[in-house]
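The values are calculated or read from the model by the stated rules, or taken from the named source; none is laboratory data. If you're wondering where the values come from, they're calculated on a predicted model, not measured in any experiment. As a convention, Cβ positions derive from the backbone with ideal geometry for all residues, glycine included, and neighbour counts pool all protein chains shown.
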């Protein structure tokens, strides 16, 4: 084992650290970064639609302008909202996309079931389509209430319009203009391994990593990994590495400052002496590392050094 440690110590360990979810149960006791909600950019919106429905579905209309902060669109996306006129435009875009999806030209390919009657509601078929599509749009499974609400919209619209596909299109449009689709929210959950601390939930991790690596929503493989809670070691998240075949810097340490600091020290314990970390928002993440992460690592290393000195003196 000694030769393994020596080899590890000779190289830099490259890790991606998700610092935007540096959350703590008590901000007065352990500081953390703010919970972040980011609006999809025009490019991301188009990419999600293309990935989900194919390139033949066209996205047209005027989007809310993307905003740069410190020269970076990624940072500006966390400080934007949607104006009243912007909501109208998103509604037009959503209805246009939905109409194409349920059209005769595409329905047989994009809708995984056939209604009992094209002129009447079919909750089972609508539920199947909206559940599968909603999972990709919301980047997580729909709750029972969310799915029931969308199925009811499809049912009511189908009754009024006497057309199953028109009703389904209206339900799909409401999802395409929902804040749950338009905004990426980082959701915190209690950390079962560290009392009083929080971590990003698996779906937030999958979303953040996917948009960082591909500027697109998580694919079914990443969502399946998130659903299983596919975590490794203290806070190392590896499904992205599997998805890209190990290419690039695709592993990530995800957790509170204390959790990530402890994970870095785990590598120190096996002989690593150089750690190169980077995040998804370079400027803000560098600030977060300096404020919340590095002091914890340095404090523990200093404590260890002092303990060794005291032991030698004795």
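Below, the figures for the structure above:
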read-out: Residue that is under 19 Å from residue 204 (Cα atoms) and either assigned by TED's automatic domain parsing to the domain that holds residue 46 or within 21 Å of the chain's Cα centre (by Cα) (or both), where the choices are 168, 147, 142, 161; value: 142
read-out: Count of segment 254-298 residues which are over 24 Å from the mean Cα position of the chain (by Cα) and not in a helix (DSSP H, G or I); value: 6
read-out: Some residue of segment 132-151 being assigned to a loop (DSSP other than H, G, I, E, B), modelled with pLDDT of 95 or more and in contact with a strand residue (DSSP E or B) (Cβ under 8 Å, 6 or more places away or on another chain); value: yes
read-out: In segment 191-232, residue surrounded by the fewest Cβ atoms within 10 Å (Cβ to Cβ) [restricted to those that are at pLDDT below 85 and on the phi > 0 side of the Ramachandran plot]; value: 229
read-out: Out of 267, 289, 280, sole residue that is modelled with pLDDT under 75 and within 26 Å of residue 211 (Cα to Cα); value: 280
read-out: Filter result for residue 122 (within 28 Å of residue 185 (Cβ to Cβ) and out of contact with any strand residue (DSSP E or B) (no Cβ under 7 Å at 6 or more places or on another chain)); value: no
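Okay, residues lined up against (1) in contact with a strand residue (DSSP E or B) (Cβ under 9 Å, 6 or more places away or on another chain); (2) in a loop (DSSP other than H, G, I, E, B); (3) modelled with pLDDT under 65:
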position: 56; (1), (2), (3): no, yes, no
position: 61; (1), (2), (3): no, yes, no
position: 64; (1), (2), (3): yes, yes, no
position: 75; (1), (2), (3): yes, no, yes
position: 82; (1), (2), (3): yes, yes, no
position: 85; (1), (2), (3): no, no, no
position: 90; (1), (2), (3): no, no, no
